[in-house]
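Here the structure is laid out as structure tokens; the discussion comes afterwards.
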Amino acid sequence: MERFLGGLAGGRAEEALRAAQEFMYDAWEAPTKRQRLALARKALKRSPLCADAYVLLAEETAGSAADAIDLYRRGVEAGELAVGAETFEQDVGHFWGVLDTRPYMRARAGLAQALWLSGEREDAIAHYRDLLRLNPNDNQGIRYLLAASWQEMERYDELDTLLEEYEGDGTAAWTYTQALAAFRDSGDSGRSRRVLAMARKSNRHVPALLLRRAKLPRPSDDYITLGGKDEAIEYVREFGAGWERTPGAVAWLGDTPSGLPEPAGVEDSP
């Protein structure tokens with residue numbers, strides 16, 4: 001789909017928002033924070049409906065969780081107006097495919113994460129779930145945030161349902177969480193071992209990190225490599241506490257033979 005700015009009636013308002021979004025494309029490429037902020041503020045002067053400008057300001061200027069939440073909320077409100085009610089009625093299920101929804105979706109994802117960090121967990125989860133309702137293809141990776149949230153809250157029925165909805169996901173976040181769910185349901189069984197074997201194939205580095213056989217390196221801003229050490233590090237940071245809280249799970253992971261050679265260099269830190 002190539003519709004853009006479908007929530008506006010056209011004319012000057014649409015033209016202004018188009019121009020504001022161009023400022024934001026430049027802002028994302030700007031090398032310094034000062035330049036990025038200047039462009040974001042310029043975008044908002046051009047159009048107060050530029051949701052991405054609020055997202056950038058939330059990420060780079062918020063001095064507190066409350067400040068971030070306020071800026072993200074303003075971005076969500078701006079995005080809703082830009083998108084328009086018709087899109088919310090007609091395009092549920094493939095929202096990301098409509099270009100003018102993306103600033104709104106980014107603002108709402110940011111709001112959900114800010115709410116979670118501030119302790120407003122139920123509100124955060126409500127946003128995550130609705131983002132997946134609007135775009136079940138999940139171009140933003142919302143399912144990983146929701147899965148980590150369900151696990152943190154020990155709401156395993158909801159987590160199991162989510163794991164089933166994205167059954168074919170081959171990332172470490174999914175396969176190892178499925179393995180933990182299988183162990184939680186049936187202990188050391190043929191089924192749980194089969195699921196764990198699939199997880200090990202998706203990323204060999206996770207067990208050593210969970211078993212503390214390797215140091216957990218500092219987080220990196222680089223892209224995550226599927227099957228790589230960086231993916232394993234990210235998984236343990238987000239989901240490792242769930243393994244530690246599940247009685248016997250970490251020991252089971254260490255006692256279950258992998259049939260795979262030990263990965264080299266897991267302990268290397270950047």
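Note on the range 26-57 and the range 163-230: Cα centroid distance 38 Å, given to the nearest whole angstrom. Per-residue ellipticity at 222 nm computed for the chain from its helices equals -20500 deg cm²/dmol, with DSSP H segments shorter than 4 residues left out and the rest contributing -39,500 (n - 2.57). Dipole of the chain computed with +1 at Lys/Arg Cβ and -1 at Asp/Glu Cβ about the Cα centre; of 240, 198, 187, farthest Cα towards the positive end is 240. The label point for residue 12 and the one for residue 216, both projected 7 Å from the Cα toward the Cβ, are 5.4 nm apart. A full extension of the chain between residue 225 and residue 166 corresponds to an added length of 19.3 nm, given 0.36 nm per residue minus the alpha carbon distance. Residues 250, 206, sorted by accessible area with the largest first, give 250, 206 [1.4 Å probe; ligands and nucleic acids excluded]. The stretch between residue 25 and residue 118 holds 30.6 nm of extra length on full extension. This uses 0.36 nm per residue minus the Cα-Cα distance. Annotation: amide H-H contacts under 5 Å for residue 227 (H modelled 1.01 Å from N, sequence separation of 5 or more, or interchain): 172. The solvent-accessible area of residue 88, taken with every protein chain present and a 1.4 Å probe, is close to 50 Å².
Residue order by solvent-accessible surface for 94, 205 is 94, 205, largest first, with ligands and nucleic acids left out and a 1.4 Å probe. Heavy-atom accessible area for residue 42, with the other protein chains in place and a 1.4 Å probe, reaches approximately 110 Å².
The values are calculated or read from the model by the stated rules, or taken from the named source; none is laboratory data. Here the structure is a predicted model, which means the values were calculated and not measured. Don't worry about glycine lacking a Cβ; one is built from the backbone with ideal geometry, like all the others, and counts go over all protein chains shown. Ligands, DNA and RNA are stripped out before the accessible areas are found, and what is left, the full protein with its side chains, is counted by its heavy atoms. Shrake-Rupley method; radii C 1.70, N 1.55, O 1.52, S 1.80 Å.
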